[in-house]
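A quick write-up on the structure given underneath.
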Amino acid sequence: MNIPYRPIVLGLLGMVCSGIFLQRALAGGEHYFPPVTDPVVREECGSCHLAYAPSMLPASSWKRMMGELDKHFGTDASVAPATAERITGYLVENAADTGGQRYGGKLMRGVSLENPPLRITELPKWVREHNGISTRTWKRKDVRTKSNCLACHVDAERGYYDE
Ligand code: HEC
Ligand code: HEC
């Protein structure tokens, strides 16, 4: 390649790459769930597992969960009242049926808001998406539990679930 053309080629390549990235981000819905940006939520809700995207559950689920943090899936995950209030505010604001609707709206199909689910992994759409995974895979040492999204979705911290 002639040296003078190089910057042009590199520039074009850059445009193509950022185009792909933009498309991926704009695709929204199915594969992209904005990660937690609030530092307090990241710290308090990301120490035992991935800080789950608020748009993956409805506001009523987050309220219910935050009201019983001392009995959180067999552990005590309670925090100071002021911290709990801040976390609840953030989760409710960005939930699947509020601010995060564009991303999590489809996950809400068939979900009862009267008896709000506490698990993303029990949502009908989540179950359907993961139907093809064998029992053996779920039992793998590096997976252990369905809640361990990061075992299979390496980009989950950044909000991508393409696999
Ligand atoms: C002390 C550890 C701990 C902390 C802190 C913690 N969790 Fe959990 N969380 C767990 C455990 C254990 C489970 C159950 C995981 C499993 O079933 O394998 C869980 C499960 C969950 C699930 C359900 C995941 C699924 O299967 O769909 C959600 C949602 C969740 N936590 C949200 C939160 C939020 C929000 C916070 C912050 C307020 C938080 N967690 C803080 C330990 C913790
Ligand atoms: C054992 C591996 C594994 C674990 C653990 C896992 N997933 Fe998945 N997930 C998959 C596979 C495989 C697919 C199907 C991908 C496809 O069809 O393109 C998938 C699909 C998805 C999709 C749909 C993406 C798409 O391309 O349509 C979402 C959203 C998702 N997973 C979220 C989660 C969340 C949230 C967790 C944790 C609570 C989780 N997954 C845990 C393997 C896993």
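The values are calculated or read from the model by the stated rules, or taken from the named source; none is laboratory data. All of these numbers come straight from a predicted model, not from anything done at the bench. In this analysis, Cβ positions are derived from the backbone assuming ideal geometry, glycine residues included, and neighbour counts consider all displayed protein chains.
Are any of the residues in the stretch 50-69 assigned to a helix (DSSP H, G or I), loosely packed, with under 10 Cβ neighbours inside 10 Å and either modelled with pLDDT of 65 or more or within 13 Å of ligand 2 (Cβ to nearest atom) (or both)?
Checked the stretch 50-69: no residue is assigned to a helix (DSSP H, G or I), loosely packed, with under 10 Cβ neighbours inside 10 Å and either modelled with pLDDT of 65 or more or within 13 Å of ligand 2 (Cβ to nearest atom) (or both).
Which one is nearest to ligand 1 (Cβ to nearest atom) among residues in the stretch 35-49 that are assigned to a loop (DSSP other than H, G, I, E, B) and touching a residue at least 40 places away in the same chain (Cβ under 8 Å)?
His49
For the stretch 89-163, please list each of the helices (runs of 4 or more DSSP H) lying entirely inside it that holds at least 2 residues being over 13 Å from Ala59 (Cβ atoms) and among the polar types (S, T, N, Q).
135-139
To keep it simple, each residue is scored yes or no on (1) more than 19 Å from Cys45 (Cα to Cα); (2) within 14 Å of ligand 1 (Cβ to nearest atom).
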| site | (1), (2) |
| --- | --- |
| Met66 | no, yes |
| Val79 | no, yes |
| Thr88 | no, yes |
| Asn94 | no, yes |
| Leu113 | yes, no |
| Ile120 | no, yes |
| Ser134 | yes, no |
| Lys139 | yes, yes |
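Within the stretch 17-32, can one find any residue that is outside any loop (DSSP other than H, G, I, E, B) and at pLDDT 95 or above?
yes
Take the residues in the stretch 70-88 that are part of a loop (DSSP other than H, G, I, E, B) and in contact with a helix residue (DSSP H, G or I) (Cβ under 8 Å, 6 or more places away or on another chain); name whichever of them is surrounded by the fewest Cβ atoms within 10 Å (Cβ to Cβ).
Asp76
Does at least one position in the stretch 92-106 carry a residue that is farther than 16 Å from Pro34 by Cβ, without any contact (Cβ under 8 Å) to a residue 60 or more places away in the chain and over 14 Å from the mean Cα position of the chain (by Cα)?
Checked against the condition, which is being farther than 16 Å from Pro34 by Cβ, without any contact (Cβ under 8 Å) to a residue 60 or more places away in the chain and over 14 Å from the mean Cα position of the chain (by Cα), the stretch 92-106 yields no hits at all.
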